[in-house]
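Working notes, structure below.
The values are calculated or read from the model by the stated rules, or taken from the named source; none is laboratory data. Only a predicted model underlies this, so the values are computations on that prediction, with no experimental measurement involved. As a convention, Cβ positions derive from the backbone with ideal geometry for all residues, glycine included, and neighbour counts pool all protein chains shown. Accessible surface areas use protein heavy atoms only, side chains included; no ligands, DNA or RNA. Shrake-Rupley method; radii C 1.70, N 1.55, O 1.52, S 1.80 Å.
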Amino acid sequence: MANPLPVFSDTLPADPLPAQYDSWLQLVDRLNIKAFVNLTLSDSVRHGTQQLLFISGLGGMRPNTIALGFYDSTPSQDTLSRHPAFSSSEDTPRLNFPPVGDPARRKRLSPHEYVAIVADAVKMQRNVLLARAFGDLKLPQELGRRAQPLIDVWPVNLLRPDSARYVDTCSLFLLQMACVLAMARAWRRARLRLFLCVESGTRPRGQEDKLRQLLKDLRIMADIHTVLWDNVVALHWHSRKEMGSEVTLNFPGNVACVSDDYLSAVNQLILQESSAPTVRFLYLPRPPADTSLYPRYLEQLEVLTRGLGPTLLVHGVSAVTSTEL
């Protein structure tokens with residue numbers, strides 16, 4: 001009797017990306033948006049994000065902005081199943097997406113790795129958007145016909161009071177993002193409000209006139225609200241004489257020295273001056289060069305935006321506006 005031939009089975013794991021790719025194509029088609037779909041397989045979220053930043057897009061249509069959810073203790077929610085595009089119960093199961101993370105389990109992404117992703121994006125010349133509490137965002141159609149959506153913009157680095165006297169590239173990108181939202185069809189009735197933080201001895205009227213001229217040059221229609229924040233600035237370490245002149249004003253030192261008292265005061269100032277807006281746009285400071293300060297940097301962002309409702313933190317790295325036309 002002849003010996004049976006051995007049968008060798010393929011023990012290599014199957015590639016999980018094809019099924020995911022089809023689901024993403026269905027999602028893009030169902031949401032009626034124009035987008036490239038790129039997937040990658042990596043040993044960590046950070047490395048996977050780096051790969052996607054390298055390979056995403058095509059030619060001149062390579063993305064220049066990365067949008068992330070905010071890192072906090074808010075449990076993840078499956079909002080896809082409640083989206084109007086998937087009103088039928090038969091539609092959602094066909095999308096082969098991973099399940100929503102269990103809030104009782106440890107997060108797969110650490111605070112340090114999260115800030116590292118933000119820092120990587122900035123180093124690769126990508127604009128960064130961090131969206132907090134957007135699960136509570138009420139769209140204009142949900143507010144009713146008589147309600148007017150409010151878009152509040154704070155175009156200064158609130159962690160650096162000394163930078164409140166000028167408009168930099170990041171501030172201009174922040175203004176552009178808010179303007180783009182206000183120009184969207186569903187948000188055309190929205191009112192754009194800019195909050196200019198000034199100190200009593202710095203000619204507030206002159207700063208307001210300068211900002212008004214900038215808005216005119218950029219063709220942005222917005223209301224300007226001047227906010228005196230002397231009491232808040234007094235809590236910042238720049239204003240404390242006991243610090244000494246040897247302390248430099250670099251950003252890593254700023255992260256290490258900014259107190260929670262100052263951050264809480266800024267948070268309360270925002271709540272008092274801009275009551276119940278639909279969404280807020282805030283300046284996202286650049287992550288510190290010292291990687292050991294990453295957790296503290298994230299803590300400062302958490303205190304700054306605590307209880308503000310839907311908030312978009314924005315950091316821009318390249319010029320996006322022109323007054324030449």
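Conditions tested, residue by residue: (1) modelled with pLDDT under 90; (2) under 19 Å from residue 279 (Cβ atoms).
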site	(1), (2)
144	yes, yes
165	yes, no
191	no, yes
194	no, yes
209	yes, no
229	yes, no
*asked:* Given (1) hydrophobic (A, V, I, L, M, F, W, C); (2) open to solvent by 10 Å² or more (accessible area, probe 1.4 Å); (3) in a helix (DSSP H, G or I), identify the lone condition not met by residue 174.
replied: (2)
*Give just the number: which of (1) assigned to a loop (DSSP other than H, G, I, E, B); (2) at pLDDT 90 or above does residue 264 not satisfy?*
(1)
_Suppose we filter region 9-22 for residues that are surrounded by 14 or more Cβ atoms within 10 Å (Cβ to Cβ) and either touching a residue at least 24 places away in the same chain (Cβ under 8 Å) or part of a loop (DSSP other than H, G, I, E, B) (or both); how many remain?_
2
_Can you tell me which residue is surrounded by the fewest Cβ atoms within 10 Å (Cβ to Cβ) among those in region 43-53 that are touching a residue at least 60 places away in the same chain (Cβ under 8 Å) and hydrophobic (A, V, I, L, M, F, W, C)?_
45
*If you scan region 198-214, which residues turn out to be surrounded by 16 or more Cβ atoms within 10 Å (Cβ to Cβ) and either touching a helix residue (DSSP H, G or I) at 6+ places or on another chain (Cβ under 9 Å) or in a loop (DSSP other than H, G, I, E, B) (or both)?*
198, 199, 214
*Between a first residue in region 27-42 that is more than 13 Å from residue 63 (Cβ to Cβ) and a second residue that is open to solvent by less than 60 Å² (accessible area, probe 1.4 Å) and at pLDDT 90 or above, which pairs have beta carbons less than 6 Å apart while being 6 or more apart in sequence or on different chains?*
40/48; 40/52; 42/48
*Kindly establish whether residue 242 is at pLDDT below 75 and among the acidic types (Asp, Glu).*
yes
_Pairs please, first residue from region 95-116 and loosely packed, with under 13 Cβ neighbours inside 10 Å, second anywhere and at pLDDT below 85 and in a loop (DSSP other than H, G, I, E, B), Cβ atoms under 6 Å, 6+ apart in sequence or on different chains._
103/75
*Which of (1) surrounded by 14 or more Cβ atoms within 10 Å (Cβ to Cβ); (2) out of contact with any helix residue (DSSP H, G or I) (no Cβ under 6 Å at 6 or more places or on another chain); (3) modelled with pLDDT of 90 or more does residue 251 not meet, given it meets every other one?*
(3)
*Go through (1) open to solvent by 20 Å² or more (accessible area, probe 1.4 Å); (2) modelled with pLDDT of 85 or more; (3) more than 21 Å from residue 320 (Cβ to Cβ); (4) not small (Gly, Ala, Ser) and name the single condition residue 286 misses.*
(3)
*Quick one: in region 124-171, of everything that is among the hydrophobic types (A, V, I, L, M, F, W, C) and farther than 21 Å from residue 310 by Cβ, which residue is surrounded by the most Cβ atoms within 10 Å (Cβ to Cβ)?*
164
